[in-house]
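Asker: Right, I'll just put the structure down here and ask away after.
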Amino acid sequence: MGAVFKVDGGAGVGFAGDGERTVFPFQFAVFGVDDVAVRVDGKPVTTGFHVALNDAEEAPGGAVIFEVAPSLAVAISIRRHLRLRRLSAYGSSASPRGDAVDRDLDYLTAALGDVDRAMVGSLRLDPADQDKGDLALPRIAPGRVLVWNDQGDGLTNGPDAGEIASAGLHGAMAQDAANRAEAAGTRAETALAGFQKQLAGAAFDLDLRAQNVTLWQDERRMPVIDAPGDRIMDIRETGALVRLSNGGRLSLPGVSAARNGVRYRVVNGDGTMVDVAAASGDQIVPLDGAAARSVHALPIRGDCVDLICDGARWFAASIREGGPVVKLLRTNAQDIPAGGYFIVEWDQVVEDSHGLYDAALHGVGSLPPGFYHVDAGVNFAIGETAVAVSAYVERQGAAGWSTHLQASDIVGSGSNATQSVRVSGIARIGIASDNALRLRVRHSDSVTRQIAAGSVMSWFHLHRIGG
């Protein structure tokens, strides 16, 4: 008695070409070489190869043998494709042979198995909805989407792309109107507090030692003071935004219970050294754990600090400042294939004080505008032959990603060693665009090379150095 034919596993297999391999085996049963369908990068091919089937019944399948090895990274798909046909014909005058009947039943079993696998990828109703809906399609309407009807028991033609886009636009307009209404309400509350002294705290008290000071409202209708050089000001307005320029100094008023909750936001407007001095006898306590001090310096353009009085002391909460922005390190090995650029995927965020690391970008996104010092290195495993390696710091702008900084080096040959390829320079981040950075690498070898594992040898360091 022969073995019972069973449909086990899939009736297909996939490979990736490497430019050298020509033989690609498969282990599913077929009944002839015409039952094997071959695709290369998703396109069916019928020439340039032949199919060799196994002889043994216990070892079904065979191999597809290409005349020319498929190129590197080409996707190769080998699947069974059984056409509807009879393998045998039974006459009325003789008994059918057992092996013929067995072969026909095997063919039917395999074909039904293929149909069963194809049905897995089809649309089906949930078992709870089997008697509630009809999946019959409506008449074709170009550009329309399919939606369930109002009764939920059948499909109908829905809106087209233009109607969907229009609905999205109207939704965005409604959201914008809601945001504007909310902002208007906030401005009204701020204006009301400004006219009610008991709610707003102390009023403006400016001590001008020389020249003039300019007072206006910014786009948020918040009071703004632009202090040029050689100014000492005593400002007592809750929520005031103060911009210091040309070495200006801001003098805080003395603390008191009446000033509990008074808050200022101070920004360095032009990059010269400016600072904030506490009133005589008081100190500023940084919220980042630094030592208390009487002067809070803002050395870099764009540096910003919130100053809050709790009635007994002044607290400083830095909003943006110089120093480390993000520090990324790799800890695991990572393969870099030949024949193209490769984005470095960072395993570990050692420091991200501004919450700017975006795993989807494998780099740093949504950077505030200004100038940044970039220092990145990729630790390559040294192989049997030397290879040219290039590292690129890319910046994302309105037109997509583009190279911003680049460095190249030769990684020598050897064994049990690594070498770092380093790229360093100044990157400019714009306003509302060009605000993301990532690292790509490329090597000249025809085979896969590797970024070596290590917690300190592959890095991406980013420091903000100016506005």
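Asker: For the full complex of protein chains and a 1.4 angstrom probe, list SER433, SER446 by accessible area with the highest value first.
Answerer: Working: SER433 45, SER446 95 Å².
These residues rank, largest area first, as SER446, SER433.
Asker: How many nm separate the modelled label positions at ILE426 and ALA100, each set 7 Å beyond the Cα in the direction of the Cβ?
Answerer: Placing both labels 7 Å along Cα→Cβ, they lie 8.9 nm apart.
Asker: Check each of the trypsin sites (Lys or Arg not before Pro) in the stretch 300-405 and keep only those in coil by DSSP with at most 16 other C-beta atoms within 10 angstrom; list them in order.
Answerer: Details: sites: ARG301, ARG313, ARG320, LYS327, ARG330, ARG395; in loops: ARG301, ARG313, ARG330.
Here the trypsin sites (Lys or Arg not before Pro) that fit, given the DSSP loop and packing criteria, are ARG313.
Asker: Of the listed peptides 154-163, 130-139, what is their order by residue-averaged count of other C-beta atoms within 10 Å, with the highest listed first? Provide the component values of the computation, followed by the final result.
Answerer: Values: 154-163: 13.7, 130-139: 10.1.
Top of the packing list down: 154-163, 130-139.
Asker: Order GLU182, GLU394, most accessible first, counting only protein heavy atoms with a 1.4 angstrom probe.
Answerer: Highest to lowest solvent-accessible surface, that is GLU182, GLU394.
Asker: If you don't mind, another one. Under a Cβ-Cβ cut-off of 15 Å, what is the net charge of the residues other than THR403 that fall near it, where Lys and Arg count +1 and Asp and Glu count -1?
Answerer: Values: positive: ARG395, ARG428, ARG438, ARG440, ARG442; negative: GLU394, ASP434.
Taking every Cβ under 15 Å from that of THR403, the sum is +3.
Asker: Now for a different question. Between SER408 and ILE164, what length comes free when the chain is fully extended (0.36 nm per residue of separation minus the Cα-Cα distance, one decimal in nm)? Could the numbers behind the result be given before it?
Answerer: Values: separation 244, 0.36 × 244 = 87.84 nm, distance 4.83 nm.
The span from SER408 to ILE164 would gain 83.0 nm if fully extended.
Asker: Now for a different question. Using a 1.4 angstrom probe with every protein chain in place, what is the largest-first accessible-area order of HIS170, HIS461?
Answerer: On the way: HIS170 110, HIS461 45 Å².
So the residues, ranked largest to smallest area, are HIS170, HIS461.
Asker: Could you check the simple spin-label distance between SER433 and HIS362, using points 7 Å along Cα→Cβ, in nm with one decimal?
Answerer: Taking the simple label geometry, SER433 and HIS362 are separated by 2.6 nm.
Asker: Using a 7 Å offset from the Cα along the Cα-to-Cβ direction at both ALA297 and ASN179, what is the distance between the two label points in nm, to one decimal?
Answerer: The modelled label-to-label distance comes out at 3.9 nm.
Asker: If you look at just the Cα atoms of the stretch 350-467, how large are its Rg and its Dmax in Å?
Answerer: In Å, with Rg to one decimal and Dmax whole: 15.3, 47.
The values are calculated or read from the model by the stated rules, or taken from the named source; none is laboratory data. What you are looking at is a predicted structure, and each value in this text was computed from that prediction instead of being measured. Cβ sites come from the backbone with ideal geometry, for glycine too, and all protein chains shown count toward neighbours. In case anyone asks, the SASA skips ligands and DNA or RNA and just uses the protein heavy atoms, side chains included. Shrake-Rupley method; radii C 1.70, N 1.55, O 1.52, S 1.80 Å.
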